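Scroll down for the structure; my scribbles are underneath it.
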Amino acid sequence: MSITPESVQALLESPELGDRLRAVNQIRQLDPAIGFELIQMVLDDRNPRVRYSGVSQLASLGQQDPAQTITLLRAGLQDSEPDVQAAAADSIGALKLTDAFDDLQQLYHRTNEWIVKFSIIAALGELGDDRAFGLLEEALQSGNELVQIVAIGSLGELGDDRAIRLLVPLVDTPDWQIRYRVAQALSRFNTPEARSALETLANDRNEQIAREAQSALS
């Protein structure tokens, strides 16, 4: 049976969870303008899996109406489920909705959920907004290793030279994953301090890190 806006809408209105989840997936096969209208039907669904799927799909459909999308994603940041909040942050980053920076920052300070903090910090790198530097510096000092690692990557994406003083001390950290992300981040800067740190990493005992640093230097 062919997929049409009418058939998808019928599934979205079904009391069965499986039908509604299938409908969200089928929206991908429709014209994006139609998909954007239909996806809004699921953003207040009673099941968090459906809401998560809908909010996640706004990352690709939201360009249809950025003004409306930011309103929808702000609501997603207020959802009762951490996974939905995280998906909203992911979509904000993907769409580079810098007007939502304050919303992301407020949620970061309000939540205790690491997955939400992780997604917010990752989104800040995609946004490329200079206002993010302070929050990324704060995240780098968090006690969660995954949040720290993504903060390093976002500092690199942000490209603010102030990040170098935060990254250079991590060159000698025992955690190889952190050193690897530091090598990637420092490759985005062209200063003597960044190159000196990369030269150190180019001789790292971990071959993957050494190759990353050597590539950046070349």
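The values are calculated or read from the model by the stated rules, or taken from the named source; none is laboratory data. Quantities reported herein were computed from a predicted structural model and do not represent experimental measurements. Cβ sites come from the backbone with ideal geometry, for glycine too, and all protein chains shown count toward neighbours. Keep in mind that these areas ignore ligands, DNA and RNA; they rest on the heavy atoms of the full protein, side chains included. Shrake-Rupley method; radii C 1.70, N 1.55, O 1.52, S 1.80 Å.
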### Task
On the protein heavy atoms, probe 1.4 angstrom, tell me the percent of accessible surface of region 59-218 carried by carbon and sulfur.
42 percent
#### Entry: Cut-off 14 Å between beta-carbons: net charge of the residues surrounding L61, Lys and Arg +1, Asp and Glu -1
-3
### Message
Tell me the mean residue ellipticity at 222 nm calculated for the chain from its helices only (DSSP H runs of n ≥ 4, each -39500 (n - 2.57), averaged over every residue, nearest 500).
### Response
-20500 deg cm²/dmol
## Note on the structure
Here the alpha-carbon Rg of the chain over 2.2 N^0.38 Å rounds to 1.19
### Query
Which order do peptides 21-30, 3-12 fall in by mean Cβ count within 10 Å, highest first?
21-30, 3-12
### Query
Going highest first, how would you order 101-113, 72-84 by mean Cβ packing within 10 Å?
72-84, 101-113
### Message
Can you compute the FRET efficiency between Q106 and D31 using 1/(1 + (r/R0)^6), with r the Cβ-Cβ distance and R0 = 35 Å? Round to the nearest 0.05.
### Response
0.50
### Message
Going 7 Å from the Cα of Q40 along its beta-carbon direction, which residues of region 63-98 have the amide nitrogen within less than 16 Å of the resulting point?
### Response
63-76
### Message
Per residue, how much accessible surface does the chain expose to a 1.4 Å probe? Answer in Å², no decimals.
### Response
49 Å²
